[in-house]
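All of the numbers you see were taken from the coordinates with simple rules; none came from a lab. For clarity, every value in this text was computed on a predicted model and none was experimentally measured. Cβ sites come from the backbone with ideal geometry, for glycine too, and all protein chains shown count toward neighbours.
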Amino acid sequence: AGGNGNGGEAKHVLRVAFNQDINHPQAQALTELSDKLSAATDGQYSLQLYTDETLGDQASTIEQVQSGTIDLSVVAGSLLENFEPDFAVVNLPYVYDSPEQQMKVLNDPQIMGDLYDAVLDDNIKVLTAYHGGVRNVYSSKGPVKEPADLKSQKIRVIGSDTNVEMMKLMGGIGTPMAQGEVYTAIQSGVLDGAENNELIYSTLSHDEIAPYYSYTKHLMMPDYLIASPKVWDGMDKETQETFTKLLSESVDTELDLFAKAVDKAKAESEKAGAKFNDADVDAFREATKPLIDSKVTTDRTKAIYDAIQKSRG
Amino acid sequence: MIDPLAITLVLVGGLIVLLAVGAPVSISIALPSAVAMFMILGVDNGAITSAQQMFRGANSFALLAIPFFVLAGVIMNNGGIAERLINFARVLVGRTPAPLTQTNVIANAIFGSVSGSAVATAAAVGSTMAPMQRREGYDRAFSAAANVASAPTGMLIPPSNTLIIYSLAAGGTSVGALFMAGYLPGILWAIACAAVVWVYARKHPELKGDPRPSFGVIFSTFVKALPSLGLIVVAIGGIVAGFFTPTEGAAIAVVYSLLLSFAYRSIHVRELPRILYDACRTSSIVIFLIAVSGIMGYVMAYARLPQLIADALFGWTDSKVVVLLIMMAILLVIGIPLDPTPAILIFVPIFLPIAISYGVDPVHFGIMMVFNLSIAVISPPSAPVLFVGAQVSEARLEPVIRHLMPFFIVLIGVLFIVVFVPEISLWLPQLLGLL
Amino acid sequence: MTAILNGLSRVLHAICVALFAALVLLVVWQVFTRLVLNDPSPWTEEAARFTFVWVSLIGIAIATGEKADVVMDFLVEKLPRSLQRVADIIAYLCTLTFALVVMVFGGLHQVTLAWTQTNPVLPFTQGQLYLALPISGFLLSLFLIVHIVGALSRAYVGHIPQEDEEAASL
Ligand code: NA
Ligand code: NA
């Protein structure tokens, strides 16, 4: 499924681990990136995608990038917090205005360069940030329009103190659970709902068991395309420049594809019986404020947070 | 450069040679996979990647159900809980020939449908049923084989994590439709096993059914079994009612059976370390096998062996029947060393688009794949279910494998029916408007 | 030598039992915090998974020490005793190679690589959690060396054909 690249001609076929299927906007953007890269380098460089988590979950692929087993991987932003806690600042609730602003900020070396360099020690080179969707709350109980609607609802969150705390502030009970168990947990009532973007909501069929999808818009966590610094340093200057330019183009491509994919996923979920509704975003933003105050404490995180706020529309 | 042929030879040849010299089955998978990894990545990176994949293979919350159910089984046996439960089941279904083995098959279908894990089912039900069957003169290898063969039923009968993983790999096929589609094939699986047991029992007149019990006997057995039935109410009921997940239910079952055993005074606190240790050893052997098969899955994916196999095999035909048969044959073989989860993640993206181009419904394809991989999880030489089944029955592997053969033949026959009669899978979801 | 190994085996038993008991308690606690306290614990699942990996990896070392791992020796047991000895030693050496190269060498590499990588919810670094692999590999190697010495010794009895064993255990 995930293969591309130019077969025999390419001298450097970079192995890219990806945890979702080939139709995902990021995989599509990477496929296009590979074609352009190959054309621009006369077939010297191309990408070979290993989709569907075949090389392991994202945490494991980071380690493979570090050891040089694979060249590139797309990983969730929260995972880099394990290497440099300051990464947390860009994963906090209600930091961004829009996906466009998020991408502008996260791919601005002035703002992010220092933070990205902080993981070079760990053999991780951040090549670019991709938009990873807007996370919203969905529930089997009913629409979630304001924090009070989440009262005593158990909502699956990413397994970290920050996410549990965030859901508490939003009015619900944040419940970490392995993604593979969530469907049956909602179906049987162990959970009342979860929070994620429209693509995951539709792909995992959660629309079948938690049909109320509310636009709380609380999180916009980026995904990063990371490489082993060795791979990057192994390219000549010219290739690096070409690659950088194409990466920047692929960010826009991905943003565009993601928006289309969201529309498609939404339509499919509606067909499966899901109902989408707006929520009082300001109330939720206000409620999660204490989390931001408690997490943005170092000089670096303050500088980044301020820069992001300044760039809001 | 990666030479796929050399890698295939190392994996297959290494496995055969190591098994022949009597190396542990896990090592017969692990060492050739590691060697293949060294060939691709060099020794340094190969060793570290093998280590990573091994750790990752074992590091899963769903696998936790295995040691818990093994432990619950050991406690229930020591505590007399199991015996009370089975006596009760027996007065209900005891008139068929080989009643204890039939009870095992039915219990596996019920228990497996809730736990969703073939290994956990073989462990929990088998460790309870095997000692009783042994005491009553049943052939231990045969009863182990029946337990192993019927253990995967719950991978098809919902809820099923395996089907959820398929849905994910297939890019969002409806889980609800898959769940409904799994019912009939799952029930067919259980019926197939019961039929094999029935034929066997006809040839072994000593395993005749019990006489019809009086109402008084039924009643007193039921009363005696009440606290033990509580275990089912608490563990299975708790999962169904949404108090906890199957993995958590396994831990709750441990606690409940322990408390009950203390109440019956049939287990002393002093015996606990031994009981814990027995369960730990049995489950470690299985987990180690699952962990090292992670290395093999990675090597195959990295070297793109599945794509190469598919390209080589599908090139020469455009018959839907032949293509499906080749797919089923590949999955049956590949599923033996691989766990269903990596097998699904690796093969769905390759096979599903081809199947769809021949007009196969993705829901139907998911069911045939999971049915197929369910046969693979009980296939020797490398099957966690087989290991655990033989362990809890205290039977040696070779005779169990011999007795498994008739089950295989019948189940492969049922697989054919499931593959070529889509209605078996699709009728129920269509009836409910899910397709 | 044997005394030291017996002592080691007893210590490992105790560790396994303690970790296994902790594992049950962790998952029960997870249910309790969610159902009763309505405040689900964010760390229990992660803690349970790693405890489980540790129990399993130490468990496989003891199981190997007790020769409890699953083998299919129906071919080997048909061989004369002298060849059985050769087959056994080859099998032990294969396991030893895997334990040393992948589990100890590869595992230590992995530990070093992840030594400073923090875990999102546990007070250990990822590298510390990975230590289970080299430790298990080291223990496995110890037991395997003892088995190899045993296979070379005069007390080597070879494989008992299965019929005898089944009969003996009835
Ligand atoms: Na099931
Ligand atoms: Na298998």
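Efficiency by 1/(1 + (r/R0)^6): what FRET value for residue A:120 and residue A:179, r their Cβ-Cβ distance, R0 = 51 Å, to the nearest 0.05? Intermediate results must be reported in sequence, preceding the final value.
Details: r = 30 Å, r/R0 = 0.59.
For residue A:120 and residue A:179, the calculated efficiency is 0.95.
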Exercise for the section: Can you tell me the dipole magnitude for chain B around its Cα centre, using point charges on the Cβ only (Lys, Arg +1; Asp, Glu -1), in Debye to the nearest 20? Expected result: 1200 debye
Completion exercise
Sorted by chain and then number, the residues having a modelled amide H within less than 5 Å of the amide H of residue A:216, at least 5 places away or on another chain, are A:137
Problem - Hypothetical label at residue C:146: residues of the range C:83-102 whose amide nitrogen lies under 17 Å (7 Å Cα-Cβ projection) - result: C:92-93, C:96
Handout entry: Dipole of chain A, positive direction: furthest Cα of A:66, A:191, A:43, with charges on the beta-carbon
Key = A:191
Problem - residue A:11-residue B:191 pseudo-label distance in nm [points 7 Å out on the Cα-to-Cβ vector] - result: 6.5 nm
Fill in the blank from the handout: Quick calc, residue A:249 & residue B:409: beta-carbon distance into FRET formula, R0 51 Å, rounding 0.05, result 0.35
Problem - Entries in A:104/A:141; A:168/A:275; B:208/C:67; A:264/A:310; A:260/B:320; A:11/A:260 that, when Cα-Cα distance is taken, lie over 28 Å - result: A:104/A:141; B:208/C:67; A:264/A:310; A:260/B:320; A:11/A:260
Fill in the blank from the handout: A correct Karplus calculation of ³J(HN,Hα) over the range B:3-8, with 6.51 cos²θ - 1.76 cosθ + 1.60, θ = phi - 60°, whole Hz and x for Gly and Pro, returns 9, x, 5, 4, 5, 4
Exercise for the section: Using amide H atoms built 1.01 Å from N in the peptide plane, name the residues 5+ places from residue A:195, or on other chains, whose amide H lies under 5 Å from its own. Expected result: A:138, A:156
Exercise for the section: Translational diffusion coefficient, Stokes-Einstein: compute it for the protein assembly as shown using the Kirkwood radius over C-alpha pairs as Rh, at 25 °C and 0.890 mPa s, and state it as an integer in µm² s⁻¹. Expected result: 86 µm²/s
Handout entry: Leading residue at positive end of dipole, chain A (Cβ point charges), from A:216, A:243, A:12
Key = A:216
Completion exercise
Expected unfolding gain across residue A:256-residue A:289 under the 0.36 nm per residue rule, minus the alpha-carbon gap, is 8.9 nm
Problem - Amide N proximity, the range C:90-105 versus residue B:43 label position 7 Å along Cα-to-Cβ, cut-off under 14 Å - result: C:97-105
Handout entry: Karplus (6.51, -1.76, 1.60) ³J(HN,Hα), θ = phi - 60°, over the range A:289-301, in Hz, Gly and Pro reported as x
Key = 3, x, 5, 5, 4, 7, 9, 8, 10, 7, 4, 5, 5
Problem - Per residue convex hull volume, Cα atoms of the range C:2-160, in Å³ - result: 127 Å³
Completion exercise
In the protein assembly as shown, taking the dipole from +1 charges on Lys and Arg beta carbons and -1 charges on Asp and Glu beta carbons about the Cα centre, the listed residue (C:151, A:304, B:201) farthest towards the positive end is B:201
Completion exercise
Taking only C-alpha positions in the range B:40-166, Rg and Dmax in angstrom work out to 18.0, 62
Handout entry: Interchain or long-range residues, amide H under 5 Å from residue A:48's placed H
Key = A:14, A:15, A:16
Handout entry: Shielding score for C:118-127, defined as the mean number of other chain Cβ atoms within 10 Å
Key = 3
Handout entry: Stretch gain in nm, segment residue B:135-residue B:240, where the contour uses 0.36 nm per residue and the Cα spacing is subtracted
Key = 34.4 nm
Completion exercise
Under 13 Å by backbone N from the virtual spin label 7 Å along Cα-to-Cβ at residue B:319, the residues of the range B:326-358 are B:326
Problem - Nearest-0.05 FRET efficiency for residue A:236 and residue C:32, computed from C-beta distance (R0 56 Å) - result: 0.40
Problem - Fraction of alpha-carbon pairs over 27 Å apart in chain B - percent - result: 53 percent
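For residue A:275 and residue A:141, compute 0.36 nm times the residue count separating them, minus their Cα-Cα distance, and round to one decimal in nm. Present the calculation step by step, with values, prior to reporting the outcome.
Numbers: separation 134, 0.36 × 134 = 48.24 nm, distance 1.19 nm.
That pair, residue A:275 and residue A:141, stretches by 47.0 nm at full extension.
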Practice task
Evaluate the charge dipole of the range C:2-160 about its Cα centre and quote only its size in Debye, nearest 20, assuming +1 on the Cβ of each Lys and Arg and -1 on the Cβ of each Asp and Glu.
Solution key: 400 debye
Completion exercise
Rounded to one decimal in nm, the spacing of the 7 Å Cα→Cβ label points at residue C:25 and residue B:203 is 5.2 nm
Exercise for the section: Return the sequence-ordered ³J(HN,Hα) values of the range B:278-283 in whole Hz as given by the Karplus equation 6.51 cos²θ - 1.76 cosθ + 1.60 applied to θ = phi - 60°, using x for Gly and Pro. Expected result: 4, 5, 4, 5, 4, 6
Handout entry: Helix-only mean residue ellipticity at 222 nm for the protein assembly as shown, each DSSP H run of n ≥ 4 adding -39500 (n - 2.57), per residue, nearest 500
Key = -21500 deg cm²/dmol
